[in-house]
Amino acid sequence: MKLELTKEFLERLQLMVSNEDSVAILEELENVHPADLADLLSSLQPEESKYIFDYLEDEISAEVLMEFDEDYRERFIKLLSTEEIVGQVDNLETDDAADLLGELEESEKDEIISQLEDPEHASEITDLLKYDEDTAGGLMHKEFITAKTYWAVDRCVVELRRQAEEVDRVYSIYVVDKDDVLLGILSLKSLLFADPKTLIDSIYIKENVHYVKTHESSEDVAAAMEKYDLVSIPVVDRQNKLVGRITIDDVVDVIKEEAEKDFQMASGISENVESSSGVLKNTRSRLPWILIGLAGGVAASQIIKGYEGQIDLNPALAFFIPLIVATAGNVGVQSSAIIVQGLASKDYKYQGLFKQVGKETLVGMLVGLICSIVIFGISYAFIDDMKLGITISISLFLVVVLAAILGALVPLILDRIKIDPALATGPFITTANDIIGLTIYFVVAYFVYL
């Protein structure tokens, strides 16, 4: 059932909570999806959310907990006792359980793991906690289904039924040898149509089996699954032993987080900020680039001050300062955005740096030529000043070309030195182009009016 969060609904629910009418609450929220329940509880006061949360079924409450955004979940967990957290971890898949425990202090992790009822579940979670959260090992979970090459189909079906009891979503069957080395993938269709006595060795897929290694980055995992249209992908260690799998829902989360991070970074926000983040975190994440922009503005004002003589010769030069800096900033941001997008999608993986910069340079030259011709005609028609028209058009052409080169070059260099190229977009490029654009403008004016 789809839940609509209206003001009236929330008020009605809050009244039920204040009256401690748990029966009415459960009737109201019956068959509501955990993701919608998470949105609902996030809209209430933490104490109200906790009251409703306590009456949810264990499996539902565990899903709701993982559907909370990180900031809200971090606050909500503080309302749960150690025993309650243990109960949630018991009902979560290993990857989600590891993510949840990863948000706690080391002493809390140890205490909770020691209280888990299933030793195997505890061992698998402990194993996952060893991996960095931004790697394939940190994304994977331990619930998967395997088959041996020497099994007959009828035995394989029996074994798969037993294994499937621990797996919520069955996407693939992985074929391994006696040492758990990944050999290939068994198609469900092949299994269904094969003779009961046929050996798995003769029907499983051996070629073009896609997998990732535990140390590979989450971005590489997402790129592989997108490229090959996979709903799940096996994870192997450095010895090619099968240790886990990553499913599409985990990758969607990665893609969403990376897109949000890049968008925020391009906007000059240095930390991951949620809508529920506090004032101090919001301020801390924005202030560095604001200060850099402020420094750039001071530098630009000093450039203008240094060329006061040119403005005194022709005050109309000042009218076009906003045009120069705005055009430079726009072109630079556009170029860097194209390059960053290409880097994110691995389009430039096999292309040389000069080819990419060269292409953006040619685009900048064409755009600059068109813009300079247009602005020359406008300035000459309305101001009737040949020298001013020449100054603006030459400056604009040079500014656009250099902005395009800088916009392409900076993210490529950052990517080569392993710094997120999204830093190149937004405030960084805009500030740099403001300074460069003004310098070019006044240098050209100096020579034209010499």
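The values are calculated or read from the model by the stated rules, or taken from the named source; none is laboratory data. Being a predicted model, the structure only gives us computed values, none of them experimental. Reconstructed Cβ throughout: ideal geometry from the backbone, glycine too, with neighbour counts over all protein chains shown.
Looking across segment 101-127, the residues that are under 16 Å from Glu143 (Cβ atoms), crowded, with 17+ Cβ neighbours inside 10 Å and either within 27 Å of the chain's Cα centre (by Cα) or at pLDDT below 85 (or both) come down to Glu124, Ile125.
Of Ile205, Ile200, which residue is in the same structural domain as Asp229 (by TED's automatic domain parsing), touching a residue at least 40 places away in the same chain (Cβ under 8 Å), out of contact with any Asp or Glu (no Cβ under 6 Å at 6 or more places or on another chain) and among the hydrophobic types (A, V, I, L, M, F, W, C)? Just one listed residue meets the conditions, Ile200.
Of the residues making up segment 192-219, those that are in contact with a Leu (Cβ under 8 Å, 6 or more places away or on another chain) and aliphatic (A, V, I, L, M) are Ile200, Ile203, Ile205, Val209. If you go through segment 54-62 one residue at a time, do you hit one that is without any contact (Cβ under 8 Å) to a residue 40 or more places away in the chain, of a type in the set (A, V, I, L, M, F, W, C) and in contact with a Pro (Cβ under 8 Å, 6 or more places away or on another chain)? Yes, segment 54-62 has at least one match. Within segment 128-163, being loosely packed, with under 14 Cβ neighbours inside 10 Å and part of a helix (DSSP H, G or I) holds for Asp154, Val158, Arg161, Arg162. Taken over segment 178-205, the criterion of being surrounded by 14 or more Cβ atoms within 10 Å (Cβ to Cβ) and part of a loop (DSSP other than H, G, I, E, B) is satisfied by Asp180, Ser187, Ala194, Thr198, Ile203, Tyr204.
Could you please find all residues in segment 407-423 being surrounded by 23 or more Cβ atoms within 10 Å (Cβ to Cβ) and either among the aromatic types (Phe, Trp, Tyr) or within 28 Å of Gly306 (Cα to Cα) (or both)? Scanning segment 407-423 gives a single hit, Gly407. Just one of the listed residues (Ser285, Ser336) is in the same structural domain as Ser379 (by TED's automatic domain parsing), farther than 30 Å from Lys387 by Cβ and at pLDDT 80 or above, and it is Ser336. Taking segment 425-438 as the range and being over 16 Å from Ala295 (Cβ atoms) and at pLDDT 85 or above as the test, only Gly437 passes. When restricted to residues that are among the aliphatic types (A, V, I, L, M) and over 25 Å from Thr94 (Cβ atoms), segment 159-210 contains 7. Among the residues of segment 398-448, those identified as outside any loop (DSSP other than H, G, I, E, B) and polar (S, T, N, Q) are Thr430, Thr431, Asn433, Thr439. Only residues that are buried (at least 18 other Cβ atoms within 10 Å of the Cβ) and more than 21 Å from the chain's Cα centre (by Cα) were counted in segment 62-85, giving 5. Residues that are out of contact with any helix residue (DSSP H, G or I) (no Cβ under 8 Å at 6 or more places or on another chain) and not hydroxyl-bearing (Ser, Thr, Tyr): does segment 113-123 have at least one? Among the residues of segment 113-123, at least one is out of contact with any helix residue (DSSP H, G or I) (no Cβ under 8 Å at 6 or more places or on another chain) and not hydroxyl-bearing (Ser, Thr, Tyr), which makes the answer yes. Taking each residue of segment 286-309 that is over 14 Å from Ile321 (Cβ atoms) and looking for partners that are modelled with pLDDT under 80 and β-branched (Val, Ile, Thr) with beta-carbon atoms closer than 6 Å, six or more apart or interchain, yields Arg286/Ile269. Criterion first (within 33 Å of the chain's Cα centre (by Cα) and either crowded, with 18+ Cβ neighbours inside 10 Å or modelled with pLDDT under 95 (or both)) does Ser218 satisfy it? Criteria met by Ser218.
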